[in-house]
Amino acid sequence: MKGEYKIHHLSNILNVITRMGSNSFALKGWALGIMIAVYTFGNMNVCKALFVTIVPLIMIWVMDSYYLMIERKFRLLYDYVRDKNTKETDFSMDYNSVSIKLGNAKKLSLFNAMFSKTIIPFYLVCIAVTVVLYCL
């Protein structure tokens, strides 16, 4: 019976991780939608169009990175709960209570998430395509 509590706790953490991934995917869709909408319907000068497109892209990039950072923290919490050798769980979802090694702390920063290999290529390509489309 007590093992079931641990399974439910892990399931709750996994649900949050899944939601963070879904939010990240949705933000990428919004980024593409904004690019296409401004390019298609925007009859404005180049500087204004670049500003109207790139500023929201950067804001979405930061939000997407924030979701990745939170996802990484919940993955750390998941591993902590999974490895925990107790018979009862408190169902805590506080990822700040998990002790981490100094080397892993860098991975959990927003800056590191912004320039991760899963985020940076998408947003750099979006920004590059935007600049190329408006400047040519």
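None of the figures in this text is laboratory data; all of them are computed from the coordinates on show. Note that the coordinates shown come from a computational prediction; the quantities given were computed from them, not determined experimentally. When we count neighbours, we look across all protein chains shown, and the Cβ atoms used for this are built from the backbone with ideal geometry, even at glycine.
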From the options K73, K28, K6, K48, residue that is assigned to a helix (DSSP H, G or I), of a type in the set (K, R) and surrounded by fewer than 14 Cβ atoms within 10 Å (Cβ to Cβ): K48
Residue within the stretch 84-91 that is touching a residue at least 24 places away in the same chain (Cβ under 8 Å), in a loop (DSSP other than H, G, I, E, B) and aromatic (F, W, Y) present: yes
Residues (touching a Ser or Thr at 6+ places or on another chain (Cβ under 9 Å) and surrounded by 15 or more Cβ atoms within 10 Å (Cβ to Cβ)) located in the stretch 31-41: I34, M35, V38
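Considering Y39, Y67, which residue is in contact with a helix residue (DSSP H, G or I) (Cβ under 7 Å, 6 or more places away or on another chain), over 23 Å from K117 (Cβ atoms) and touching a residue at least 40 places away in the same chain (Cβ under 8 Å)? Even if it seems obvious, please write down each step before you answer.
Numbers: Y67 fails: over 23 Å from K117 (Cβ atoms).
Exactly one residue qualifies, and that residue is Y39.
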Count of residues meeting criterion [among the hydrophobic types (A, V, I, L, M, F, W, C), over 14 Å from K73 (Cα atoms) and touching a residue at least 12 places away in the same chain (Cβ under 8 Å)] in the stretch 112-136: 9
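Given the criteria under 19 Å from the mean Cα position of the chain (by Cα) and assigned to a helix (DSSP H, G or I), does I13 qualify? First the steps, then the outcome.
Working: under 19 Å from the mean Cα position of the chain (by Cα): yes; assigned to a helix (DSSP H, G or I): yes.
So I13 passes the test.
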